[in-house]
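*Asks:* If you scroll down you'll find the structure; I have some questions about it.
The values are calculated or read from the model by the stated rules, or taken from the named source; none is laboratory data. Keep in mind that this is a model prediction, so the values were computed, not measured. Cβ atoms come from the backbone with ideal geometry, glycine included; neighbour counts cover every protein chain shown.
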Amino acid sequence: MELNPARANLSVYLKSLGCAKNLVDSEVIQGTLMHAGYAFTPLPELADIIIVNTCAFIEDAVREALDAILSLAEHKRTGSCRHLIVCGCLPQRYKESLAAELPEVDLFIGTGAFQHIARLLKNLQTGSARSKICVDRPTFLLTAKTPRILGTPSYTAYVKIAEGCAHRCTYCTIPAIRGPYNSRPLRSVVQEVKNLATMGVKEINLIAQDTTRYGIDRGDRADLVRLLKELVRIPNIEWFRVLYCHPLTITSELISLIAREHKICRYLDIPVQHISDSVLKRMGRKMTGQHIRRLVQQLRESMPDMVLRTTVMVGFPGETERDFSELLAFMKEVQFDHAGVFRYRDEEGTVAVKLQPKVAERIKEERYQTIMKLQASISLQKNRRRVGQKVSVLVEGPARKRGFALQGRTSFQAPEVDGVMYMERGSATAGSMVMAQITRGLTYDLVGEIV
């Protein structure tokens, strides 16, 4: 007799690791399973089924995923867990080798098969599973009808507009894990955002591996500019924010649209990785430092108040002291509002593993700390210069820091990766928009009061 999960009242615990793009996959997993009759629990010790949706694009993410899997596997011995499932990038990247290393896991599901998780779980429970490794070529695209349970607060959501990556950076595993670039149809994205608006979402963060490449692969002129023009017409959405932009696919038309459309945040996340031509070439970035400088100049001239986030990497093979000095001078000159810094690590299966000479770990760490110290100083100065400004704030709820009443975010603070605005007094419900005056600038956060 087949086990009916709804009647058997099976409960699931889902742990999502990694970036916002992975979070959307986890939301689809939860929506799909709830549609199939499964219940969810926030406590792994009470779950019949434990699912870990993994990230694996760098060594640190792999280590975090393995630690989480082994920790949760204990519940098969001490709790009610019958099945442990590992989804996402880790099985997609390592495939069969994982089964031998992790015998505790009952089923591995890659990035190309997670949409079939309800059927795969049913096969596992009835003993009809053909294999414990389900890794297909990633071709799945969300639609507006795909079941999805938001893992974010009800007032904010990520919308994934494309899958995969068309670039071949020498240090990156993403194309092998996520497949080629594949944009969703424009109407599908628009309808999903309309659905979210009716649910009370006020902030939409558009994401993809290369968000600004959207539509180029489809050949139907439905690019990011056209998509945004459609999206801003949707009522009740206050902010649209564009994350994960590539310097090569940011157009003058996009810049002009952001400059004139108040619902699109004057904020772009542009991972430049480096500024030295020789390092960029070895990275396979297919651009020059001059292109990056001209892009930043164009953005700042079009919108002096434009907020820019970036990501840079130090210690790439062959990075000389001169290369690093050029990067440091560039960061001082451009003054990014937010920046993430990565130390290069060899990643199995990438071209960069074979590149020489390697930079010593001690030097990598010194360069990392130097950039981080510089960026902290820049961030503090920029935040202090904001004192006195009045800004719209999306309230997140009671402050998670002692001494403050509320916390929220401005249009120039993306969720999770940037700082927040703390408010010392006042009351407001989570998800409401308030006007606040900035009274203090901290290194990464702001302090203000409702006006």
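*Asks:* Taking the residues in the range 49-76 that are touching a strand residue (DSSP E or B) at 6+ places or on another chain (Cβ under 9 Å) and in a loop (DSSP other than H, G, I, E, B) as candidates, determine which candidate is surrounded by the fewest Cβ atoms within 10 Å (Cβ to Cβ).
*Replies:* I58
*Asks:* Among the residues of the range 394-410, are any of a type in the set (V, I, T), surrounded by fewer than 18 Cβ atoms within 10 Å (Cβ to Cβ) and in contact (Cβ under 8 Å) with a residue 12 or more places away in the chain?
*Replies:* no
*Asks:* Any idea which residue in the range 255-294 is nearest to the chain's Cα centre (by Cα), counting only those that are more than 30 Å from V353 (Cα to Cα) and surrounded by 20 or more Cβ atoms within 10 Å (Cβ to Cβ)?
*Replies:* Checking each candidate, the answer is L268.
*Asks:* Can you find a residue that is surrounded by 14 or more Cβ atoms within 10 Å (Cβ to Cβ) and not in a helix (DSSP H, G or I) anywhere in the range 366-373?
*Replies:* Checking the range 366-373: not a single residue is surrounded by 14 or more Cβ atoms within 10 Å (Cβ to Cβ) and not in a helix (DSSP H, G or I).
*Asks:* Residue by residue through the range 325-364, note down the ones that are under 23 Å from the mean Cα position of the chain (by Cα), of a type in the set (G, A, S) and either assigned to a loop (DSSP other than H, G, I, E, B) or on the phi > 0 side of the Ramachandran plot (or both).
*Replies:* The answer is G349, and nothing else.
*Asks:* Continuing with the same structure: Could you say which residue among T152, T156, T146 is buried (at least 18 other Cβ atoms within 10 Å of the Cβ) and touching a residue at least 40 places away in the same chain (Cβ under 8 Å)?
*Replies:* Working: T152 fails: buried (at least 18 other Cβ atoms within 10 Å of the Cβ); T146 fails: buried (at least 18 other Cβ atoms within 10 Å of the Cβ).
Answer to the check: T156.
Let's see how each residue does on (1) small (G, A, S); (2) assigned to a helix (DSSP H, G or I):
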{"position": "C265", "(1), (2)": "no, no"}
{"position": "Q298", "(1), (2)": "no, yes"}
{"position": "D305", "(1), (2)": "no, no"}
{"position": "G318", "(1), (2)": "yes, no"}
{"position": "D323", "(1), (2)": "no, yes"}
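*Asks:* Please go through the range 367-393 and pick out each residue that is in contact (Cβ under 8 Å) with a residue 12 or more places away in the chain and of a type in the set (S, T, Y).
*Replies:* Those that are in contact (Cβ under 8 Å) with a residue 12 or more places away in the chain and of a type in the set (S, T, Y): Y368, T370, S379, S392.
So that you can scan it fast, the table gives a plain yes or no per residue for (1) crowded, with 22+ Cβ neighbours inside 10 Å; (2) assigned to a helix (DSSP H, G or I):
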position: S188; (1), (2): no, yes
position: Q191; (1), (2): no, yes
position: L196; (1), (2): yes, yes
position: G200; (1), (2): no, no
position: I204; (1), (2): yes, no
position: D220; (1), (2): no, no
position: V225; (1), (2): no, yes
position: L228; (1), (2): no, yes
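*Asks:* Please enumerate the residues belonging to the range 77-92 that are touching a helix residue (DSSP H, G or I) at 6+ places or on another chain (Cβ under 8 Å), surrounded by fewer than 19 Cβ atoms within 10 Å (Cβ to Cβ) and part of a helix (DSSP H, G or I).
*Replies:* T78
*Asks:* Right, I237: in a loop (DSSP other than H, G, I, E, B), of a type in the set (A, V, I, L, M) and modelled with pLDDT under 95 or not?
*Replies:* No.
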